[in-house]
Amino acid sequence: MKFADIYGEFGISKEVRELVEKAEASLKGKFAEIEAAEEYNQLKVLHAMQKNKVTEACLLETTGYGYNDLGRETLENVYADLFGTEDALVRSQIVCGTHALAVAISGNTRPGDMVYSPCGLPYDTLQTVLGLNGAKGSLKEYGVGFSYTELLPDGSFDYERIRKEIPENAALIEIQRSRGYSLRPSFSVESIGELIGFLKKLKPNAKIMVDNCYGEFVETKEPSEVGADMMVGSLIKNPGGGIAPVGGYIVGTEECVENAAARLTAPGIGKEIGPSLGNNRPMFMGLYHGPQVTAAALKGAVLLAKVYEMLGFDTFPKFGEKRSDIVQTVVLKTPERLTEFCRGVQSASPVDACYAPEPNAMPGYDCEVIMAAGCFTSGSSIELSADGPLREPYAAYYQGGLNYAQGKLAVMETVQFLKNGSLI
Ligand SMILES: *Cc1c(COP(=O)(O)O)cnc(C)c1O
């Protein structure tokens with residue numbers, strides 16, 4: 001079989017393959033930028049591992065209380081070094097990003113405090129944690145309030161309104177780096193640094209936390225290196241490298257991490273316990289692969305943007321724009337296109353490629369949602385995945401892909417599915 005013929009095995013026509021390869025040929029400069037950041041971040045990870053003396057003994061496991069878990073303690077030192085913080089909490093007992101954020105916020109606020117977002121409403125699941133829709137156990141039930149300031153129409157920070165609207169008793173300020181399920185841009189680390197500088201003058205005693213989900217290794221600096229007191233993320237996204245089976249991290253000042261640890265386990269026990277079970281090895285290995293996998297996901301995202309721009313669709317960000325997260329949005333404008341797009345992504349997966357996703361009702365949404373994912377780890381969105389709510393403007397949110405070849409095939413599949421359905 002000739003090289004090009006392998007695409008025929010996936011049902012890709014010559015026309016679609018040539019379209020995608022034409023787009024690809026124009027992206028050499030962009031890919032070189034991504035590879036430069038990858039190289040730097042790979043060396044940064046390797047250096048943190050060597051400096052903290054990761055040894056074979058660190059790959060072993062503990063059970064029960066997990067006292068003196070060499071691997072867990074070393075991994076936390078590696079994270080702290082890598083992200084330039086005093087301390088770190090990196091645990092498989094943290095189930096996902098929302099859990100990590102909930103632990104970080106509840107550990108670092110007390111009754112009567114306010115949580116404040118200078119960048120609009122936070123990620124959907126965080127709104128529930130904060131108590132915006134009446135969930136049991138929310139921060140609101142514990143007397144912690146929440147307020148926010150909208151972004152300017154161009155998606156930048158509204159410094160004047162922030163100055164006016166920041167609550168007197170703001171104890172924790174939350175900045176979300178990634179776009180989440182909105183069409184606003186993700187914030188560059190540089191712009192987050194400027195915002196932090198401004199906020200520190202306004203409220204020197206408030207703790208500044210960055211939700212770093214989807215952002216790790218996209219740039220060569222992280223928000224923790226530009227003044228954030230605390231930074232939080234999920235290990236089934238970028239820093240787990242598609243290998244960590246579960247987990248989350250909270251890095252930051254000693255005080256912030258200690259407060260979070262008291263919440264994750266129990267007051268007085270904090271970081272001392274937490275068995276790694278069999279997870280030290282995949283958590284080290286995942287972190288090690290994180291920069292490479294993030295770069296692969298980014299190349300897929302850029303290719304997707306370029307192809308859909310050639311086809312006349314709106315994309316966020318545009319293929320050539322500077323990125324600060326791995327999410328690529330394509331505005332497809334009809335429910336039929338959104339559905340076929342997601343089916344195309346699903347058909348490029350290593351697992352469950354034989355299934356076709358259907359739109360369905362989801363808790364927390366006011367409309368049906370369609371989700372494509374054929375992952376080795378359930379819910380992992382550093383693996384190739386796409387989803388979108390079935391409402392205007394019928395935007396697909398696309399992210400992940402553990403290698404570029406799969407990302408490229410997925411782009412072809414989405415176009416092929418749209419063509420087969422006579423939707424483009
Ligand atoms: C993924 C994500 C989260 C957390 O989501 P989980 O599904 O709980 O891991 C929070 N904030 C942002 C911006 C995210 O992308």
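Each value in this text was obtained by applying a stated rule to the coordinates, not by laboratory testing. Being a predicted model, the structure only gives us computed values, none of them experimental. Cβ coordinates were reconstructed from backbone atoms using ideal geometry, including for glycine residues, and neighbour counts include every protein chain displayed.
A few comments on the model shown:
- Here the spin labels are modelled as points 7 Å beyond Cα on the Cα-Cβ line, and at E254 and K28 they lie 5.3 nm apart.
- Footprinting exposure proxy ranking of D387, D314, fewest other C-beta atoms within 10 angstrom first, gives D314, D387.
- Cα gyration tensor shape for the range 263-331, rounded if a/c is under 1.5, else prolate or oblate: prolate
- Rounded to 5, the percent of DSSP beta bridges in the chain classed as antiparallel: 65 percent
- Three-way shape label, the range 339-395, alpha-carbon gyration tensor, a/c 1.5: prolate
- Using θ = phi - 60° and Karplus 6.51 cos²θ - 1.76 cosθ + 1.60, couplings along the range 306-316 (whole Hz; Gly, Pro as x): 4, 4, 6, 5, 4, 7, x, 9, 7, 10, 10
- Hypothetical label at H47: residues of the range 69-88 whose amide nitrogen lies under 15 Å (7 Å Cα-Cβ projection): 78-85
- Among M371, M362, M412: highest mean-square fluctuation, GNM of the chain, C-alpha pairs under 10 Å: M362
- When only the Cβ of Lys, Arg, Asp and Glu is charged (+1, +1, -1, -1), the dipole of the range 366-424 relative to its Cα centre reaches about 260 debye.
- Local electrostatic count, P291, Cβ distance below 9 Å [Lys/Arg +1, Asp/Glu -1]: -2
- Prolate/oblate/rounded label for the range 218-304 (Cα gyration tensor, a/c 1.5): oblate
- For the range 181-254, alpha-carbon Rg over 2.2 N^0.38 Å: 1.17
- Positive-end extreme of charge dipole, the range 15-56 - chosen from A36, S26, M49 (charges on Cβ): M49
- Neighbour net charge for L277 - beta-carbon separation under 13 angstrom, K R +1, D E -1: +1
- Sequence-distant lysines (8 or more away, or on other chains) whose Cα lies within less than 23 Å of K51: K221, K271
- Counted by Cβ distance under 9 Å from E258, the other residues give a net charge of -2, where Lys and Arg count +1 and Asp and Glu count -1.
- Projecting the Cα positions of V246, V327, N279 onto the charge dipole of the range 192-333 (unit charges on Cβ atoms of Lys, Arg, Asp and Glu, taken about the Cα centre) puts V327 furthest along the positive direction.
- Magnitude of the charge dipole, the chain, Cβ model with Lys/Arg +1 and Asp/Glu -1, debye to 20: 300 debye
- Rounded to whole Hz, the Karplus (6.51, -1.76, 1.60) HN-Hα couplings of the range 153-161, x for glycine and proline: x, 7, x, 9, 6, 9, 4, 5, 5
- Normalising the average separation of contacting C-alpha pairs (under 8 angstrom, six or more residues apart) by the number of residues puts the relative contact order of the chain at 18 percent.
- What the phi angles of the range 231-246 give under the Karplus curve with 6.51, -1.76 and 1.60, with θ = phi - 60°, is a coupling list of 9, 9, x, 10, 8, 9, 10, 3, x, x, x, x, 10, 4, x, 5 Hz, glycine and proline written as x.
- Put in order of Cβ neighbour count within 10 Å, fewest first, the listed residues V232, V302, V189 become V189, V302, V232.
- Rounded to the nearest 10 degrees, the inclination of helix 254-264 to the longest alpha-carbon principal axis of the chain is 80 degrees.
- Ordering T125, T74 from the fewest to the most neighbouring beta carbons within 10 Å gives T125, T74.
- Kirkwood radius for the chain, taken over all pairs of different Cα atoms as the inverse mean of 1/r, rounds to 22.1 Å.
- Partners for K419 among lysines (Cα-Cα distance below 24 Å; same-chain residues under 8 apart left out): K14, K22, K299, K306, K318, K333, K408
- Listed by chain and number, the aspartates and glutamates whose C-alpha is less than 19 Å from the C-alpha of K164, apart from same-chain residues fewer than 8 away, are D113, E150, E174, E194.
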